[in-house]
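Notes follow the structure.
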Amino acid sequence: MVIINLRAAKKIGKNRSEFILEAACREATELLLDPRLFLVDEKAYKRFVDALDAPPAENKSLKRLLMTNVRPGKREDSSSGLCSEFFV
């Protein structure tokens, strides 16, 4: 691994220490900015899991939308000028 780091450092005109420090900082920044990773205490984690496990609240608008019959076709949406693949 030392040889690989040295070769990579030389390739970009840096010494091995500069290369390793820069790579470590880049990796740390990426880790800290990763939106998939968040650290919480046990209490917060339990509240999070409980919220995920709870049944969803009733959403009448969503239910009405899912119960709507749609027919395949095309029509221009006059408000946006876009063409819709399905219409009611």
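Among residues of the stretch 12-24 that are closer than 14 Å to Val2 by Cα and among the β-branched types (Val, Ile, Thr), none has a beta-carbon under 6 Å from a residue that is in a helix (DSSP H, G or I) and modelled with pLDDT of 95 or more at least six positions away or on a different chain. Of everything listed in (1) modelled with pLDDT of 85 or more; (2) of a type in the set (A, V, I, L, M); (3) surrounded by fewer than 10 Cβ atoms within 10 Å (Cβ to Cβ); (4) outside any helix (DSSP H, G or I), the single unmet condition for Leu37 is (1).
Among the residues of the stretch 58-69, is any at pLDDT 95 or above, among the acidic types (Asp, Glu) and exposed (fewer than 10 other Cβ atoms within 10 Å of the Cβ)? Looking through the stretch 58-69, none of the residues is at pLDDT 95 or above, among the acidic types (Asp, Glu) and exposed (fewer than 10 other Cβ atoms within 10 Å of the Cβ).
The values are calculated or read from the model by the stated rules, or taken from the named source; none is laboratory data. Everything numeric in this text was worked out from a predicted model, so none of it was measured. We place every Cβ from the backbone using ideal geometry, glycine too, and count neighbours over all the protein chains shown.
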